[in-house]
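Coordinate-derived values only; no laboratory data. Just so it is clear, the structure is predicted and the values come from calculations on it, not from any experiment. Every residue, glycine as well, gets a Cβ built from its backbone with ideal geometry; the counts of neighbours run over all protein chains shown.
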Amino acid sequence: MSSQTSISRYFRSK
Amino acid sequence: MFEARLTEGSLLKKIIEAIKDLVQEANVDCSEEGLTMQAMDASHVSLCSLNMRHGGFDHYRCDRSISLGLNLANLGKILKCAGNDDVVTLKAEDEPDTLTLMFESPNQERISDFELKLMDIETEHLGIPNEEYKCTISMPSGEFQRIVRDLAVIGETCIITCTKEGVKFSVSGDLGNGNVTVRQSSAADGDEKDQVKIQMEEPVTLNFALRYLGFFTKATPLGSTVKLHMSPDVPIVVEYPIDGIGSISYFLAPKIDE
């Protein structure tokens with residue numbers, strides 16, 4: 001079973 | 001004063017069609033350099049980034065950088081009022097409450113203008129690192145769309161494996177499973193735009209939600225080629241170059257085995 005990650009986990013807030 | 005004129009107004013229609021199902025509201029930032037937009041989908045799984053250079057417009061003027069808070073569904077409704085051959089001009093004041101859209105038919109016999117109310121949208125702006133990707137695949141956009149559409153019938157998650165020989169898209173679901181492999185074209189194979197090209201430093205395998213890849217393929221009418229950029233453990237970039245003006249790139253976070 002694979003789970004969806006969030007995009008903000010990879011890109012930081014400016 | 002902001003003013004941007006596109007002879008090929010249908011391009012703007014296609015761009016909004018390519019974004020509006022994924023992102024409901026977004027700020028379009030206008031500066032001397034051109035238009036940019038960055039927005040996440042409501043679930044924060046993917047990010048869409050649009051870049052239109054000023055030189056790609058037939059006329060472009062932006063005296064002061066402004067941000068246009070747009071409801072993309074509503075913008076899409078207004079753009080539906082433009083003919084496919086119409087010239088489209090966007091206009092806004094320096095502190096705008098509305099965006100004016102003017103449509104001119106090719107023979108100038110019909111001129112219409114619409115005003116779209118702008119919104120205050122608070123968004124989180126993400127810094128996208130300048131990454132060197134381990135694999136970059138260039139393939140016909142129609143082929144990518146077909147693969148995503150076909151595999152979505154079978155399951156929810158697509159495993160994309162890129163090796164030197166080709167790219168394998170795999171899916172499994174309740175009814176069974178399937179694989180589609182596209183192989184790198186040889187130099188002698190037909191048109192440039194029909195070719196599959198792979199630049200690879202090391203093989204990469206990642207899992208992605210087909211639902212989101214399906215949203216991205218709404219950009220297919222924008223160009224004949226799509227580029228997929230992948231590295232281990234980071235979001236895939238699905239990039240649609242827009243001839244002469246810029247690109248739309250979609251970033252999708254991978255699914256990870258628990």
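Please count how many residues of region B:210-245 are more than 20 Å from B:MET139 (Cβ to Cβ) and either assigned to a strand (DSSP E or B) or in contact with a His (Cβ under 8 Å, 6 or more places away or on another chain) (or both). Of the residues in that region, 0 qualify. Inside region B:185-209, residues that are more than 22 Å from B:LYS255 (Cα to Cα), within 24 Å of the chain's Cα centre (by Cα) and without any contact (Cβ under 8 Å) to a residue 60 or more places away in the chain make up a count of 6. When region B:23-44 is limited to residues that are in contact with a strand residue (DSSP E or B) (Cβ under 6 Å, 6 or more places away or on another chain) and either free of Cβ contacts under 8 Å to residues at least 12 places away in the same chain or within 14 Å of chain A (Cβ to nearest Cβ) (or both), the one that is farthest from B:GLU104 (Cα to Cα) turns out to be B:MET40.
Inside region B:217-237, can you point out the residues that are within 13 Å of chain A (Cβ to nearest Cβ) and within 18 Å of B:SER43 (Cβ to Cβ)? Within region B:217-237, B:PRO235, B:ILE236 meet the criteria. For region B:93-149, filtering for residues that are within 14 Å of another protein chain (Cβ to nearest Cβ) and either crowded, with 16+ Cβ neighbours inside 10 Å or part of a strand (DSSP E or B) (or both) leaves 4.
Being over 20 Å from the mean Cα position of the chain (by Cα), of a type in the set (Lys, Arg) and closer than 30 Å to B:GLU32 by Cβ: is that true of B:LYS91 here? Yes: the conditions hold for B:LYS91.
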